[in-house]
Amino acid sequence: MRKPVTDLIHHPYQPPAGFDAPQPGVFKASTVIFANVAAMRARDWKQKKGYTYGLHGTPTTFMLEERIATLEGGRQCILLPSGLAAIANVAMALLKTGDEVLIPDNAYGPNKALADGELRQWGITHQLYDAMNPADLEARIAPQTRLVWLEAPGSVTMEFPDLPELARICRRKGVTSALDNTWGAGLAFNAFDLAPGAGEPLAVDISVHALTKYPSGGGDVLMGSVVTTDEALHQRLKLTHMRMGWGVGGNDAEAVLRSLPSLPLRYRAHDLAARELARWLRKRPEITQVLHPAIEGAPGHAHWEALCGPRDAAAGLFSVVFDERFSPAQVDAFCDALKLFKLGYSWGGPVSLAVPYDVPSMRSTRLGSWKHQGTLVRFSVGLEAVQDLRGDLEQALAALQS
């Protein structure tokens, strides 16, 4: 007769099958148990027809992958520990010594830092291009160019490019295109159908998404995804994913799954509140420019309207440029005076955030795309009452004047 301590590990009881509930179960595993040796040898980790090891997927992560792929209009999805890890997965899978990658000058900063750091050390070169000038991208694509990053809108400065035209150039030149689609969240537009109804499909090759932001929605999960439609490209990315040992925890995957049903509702709420505050700030004498793709007069507004206007979606993120009469120290004091807007990086959660940026230090002087003299502050609008957020901005602007 077995000892009770053994039955704590090898207990014969199994719960009955057939349990179902609105939220999926959380499966956490490193080791996966096989019925027999034949089953162990027959299992292929590259296919979602069974389970081999925790890093290669569980029922929880498989379900999240399928839902994210559907959200973005793709067919395959890989999960990673962060949005930056997703960017690194793409670069490491597709680039080798002697290759070149092109990155928008206004791209997410760590993407450029990766190119200037590890990729450079591995003999991979990069160029920055002006995303608002498709001709600049076309002129920079060379025989050694293997990957072009796209981003809509630009990080922090929020310029919205002619994304279909940039994708069209990449397709015409035969270069793989990868889009950072975190802002769009799969809701503002379909990265794999940038020209709905057109005779010739127009799409990016890869959509990268920081699930940390809107899909999570709580400011408490780090996760990224890489979505594709081409099976061969997916497998290439998946092999690098396996060799690097990237994985996500079951509880984090479950947290994102729990948040996904409310994603469209939250995204719309963030969007409406952000537009109201952006329009109000545009009338303030302290502000010289409001950078919000859906606001008329903002850089790339016409491109946003053409691509996203039919869906009327624009996220909850915008930036403002203060009049140059206010010093950076005064703008910092404005940020310190905010009470509901907290100081913190990231976005997409319930709490509104503000961050001042030194834009000239983030942009190429060669391209000269940033022409403002005043200090920029980026706002991420959360889910608080918009009247309260406006009151918070009013009292902080009063402190700025004093």
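Since every read-out is calculated from the coordinates, none of them should be taken as a lab result. Not measured: the values here are computed from a predicted model. Note that each Cβ is placed from the backbone with ideal geometry, even for glycine, and that neighbours are counted across all protein chains shown.
Here are some notes:
- Across all directions, the average projected area of the convex hull around the alpha carbons of segment 38-118 is 7.5 nm².
- Förster radius 30 Å - calculated FRET efficiency between GLU394 and SER262 (Cβ-Cβ, nearest 0.05): 0.50
- Counting only aspartates and glutamates at least 8 places from LYS49 when in the same chain, those with an alpha carbon closer than 18 Å to its own are GLU65, GLU66, GLU231.
- Across segment 140-152, computed HN-Hα scalar couplings (Karplus, 6.51 cos²θ - 1.76 cosθ + 1.60, θ = phi - 60°) run 8, 5, 10, x, 8, 6, 10, 8, 10, 8, 10, 8, 9 Hz from first to last residue, x flagging Gly and Pro.
- Distance between the C-alpha centres of segment 1-48 and segment 59-103: 28 Å, rounded to the whole angstrom.
- Length-normalised contact order of the chain in % [C-alpha pairs under 8 Å, at least 6 apart]: 16
- Largest first and in whole Å, the equivalent-ellipsoid semi-axes of the chain read 39, 28, 19, each the square root of five times a Cα gyration tensor eigenvalue.
- Residue separation of GLN47 and HIS10 scaled by 0.36 nm, minus their Cα-Cα distance, works out to 10.4 nm of gained length.
- log10 of Debye I(q)/I(0), alpha-carbon scatterers only, for segment 199-271 at 0.17, 0.28 Å⁻¹: -0.80, -1.21
- Potential lengthening between LYS28 and MET1 on full extension [0.36 nm per residue; Cα-Cα distance subtracted]: 6.7 nm
- Cα-Cα over 21 Å, subset of LYS28/LYS213; LYS96/LYS238; LYS213/LYS342; LYS96/LYS173: LYS28/LYS213
- Linear extension gain, GLN387 paired with GLU324, 0.36 nm per residue minus alpha-carbon span: 19.9 nm
- Shape of segment 224-374, Cα gyration tensor, a/c cut at 1.5: prolate
- Segment 37-261 shape via C-alpha gyration tensor axes, a/c threshold 1.5: prolate
- Cβ-Cβ FRET estimate between TRP280 and VAL351, R0 fixed at 22 Å, reported to 0.05: 0.65
- Short-range pairs are left out: with C-alpha atoms under 8 Å and at least six residues apart, the relative contact order of segment 153-247 is 21 percent.
- Shape call, segment 66-166: gyration tensor on alpha carbons, a/c limit 1.5: oblate
- Highest average packing first - 68-81, 273-286, Cβ atoms within 10 Å: 68-81, 273-286
- A straight line joining the Cα centroids of segment 264-310 and segment 350-402 runs 13 Å.
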